[in-house]
1. Can you tell me how many residues in the stretch 41-63 are exposed (fewer than 15 other Cβ atoms within 10 Å of the Cβ) and of a type outside the set (Asp, Glu)?
2. Suppose we filter the stretch 15-37 for residues that are loosely packed, with under 10 Cβ neighbours inside 10 Å and in contact with a strand residue (DSSP E or B) (Cβ under 9 Å, 6 or more places away or on another chain); how many remain?
3. Looking only at the stretch 55-74, how many residues end up being in contact with a helix residue (DSSP H, G or I) (Cβ under 9 Å, 6 or more places away or on another chain) and not in a strand (DSSP E or B)?
4. Could you figure out which of (1) within 19 Å of the chain's Cα centre (by Cα); (2) modelled with pLDDT of 90 or more; (3) under 19 Å from Leu97 (Cα atoms) isn't true of Ala61?
5. Quick one: in the stretch 15-54, which of the residues that are aromatic (Phe, Trp, Tyr) and outside any loop (DSSP other than H, G, I, E, B) is modelled with the lowest pLDDT?
6. Among the numbered criteria (1) under 30 Å from Pro74 (Cβ atoms); (2) surrounded by fewer than 10 Cβ atoms within 10 Å (Cβ to Cβ); (3) at pLDDT 75 or above, which one does Trp12 miss?
7. So, in the stretch 75-110, of the ones that are more than 15 Å from the chain's Cα centre (by Cα), in a loop (DSSP other than H, G, I, E, B) and surrounded by 14 or more Cβ atoms within 10 Å (Cβ to Cβ), which residue ends up modelled with the highest pLDDT?
Amino acid sequence: MEGTTAIPSRRWPAWANATALLVAGWIALAILTLQVRPGATVVAVVFPPWWSTQQVFEAAASAQAAIVGATALPTLLVVRPDDHDGLARLHEAGAWLVMDAQAVSACFGR
């Protein structure tokens, strides 16, 4: 019999655990911070990044949302959705996320 060679096992690097925990914490903090507050009349809406500015404005208009302002990112708009089912219509028009406008304006305002 020939000598057996040990197969090296692949190990998870020690720093990967800390990195995963840090990323999970950032995601949890972002979710809690950017949630739309109950009764909010103005929200920030994120559309797909490959959409043009014209497509973003047309989608917001098709959802019957009044455009309050634009941000430094062309696919992020601050809008006032219609009172009746406005957030659902924004999602149907192609919005990926609906967030608290005050939290977003601090980061992406013009």
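1. The number of residues fulfilling the criteria is 9.
2. 0
3. 10
4. Among (1) within 19 Å of the chain's Cα centre (by Cα); (2) modelled with pLDDT of 90 or more; (3) under 19 Å from Leu97 (Cα atoms), Ala61 violates only (1).
5. This residue is Trp15.
6. With (1) under 30 Å from Pro74 (Cβ atoms); (2) surrounded by fewer than 10 Cβ atoms within 10 Å (Cβ to Cβ); (3) at pLDDT 75 or above applied to Trp12, the lone miss is (1).
7. For the stretch 75-110, the residue satisfying everything is Ala93.
The values are calculated or read from the model by the stated rules, or taken from the named source; none is laboratory data. All values reported here derive from a predicted model rather than from experimental measurement. Because the Cβ atoms are built from the backbone with ideal geometry, glycine has one as well, and the counts that use them run over all protein chains shown.
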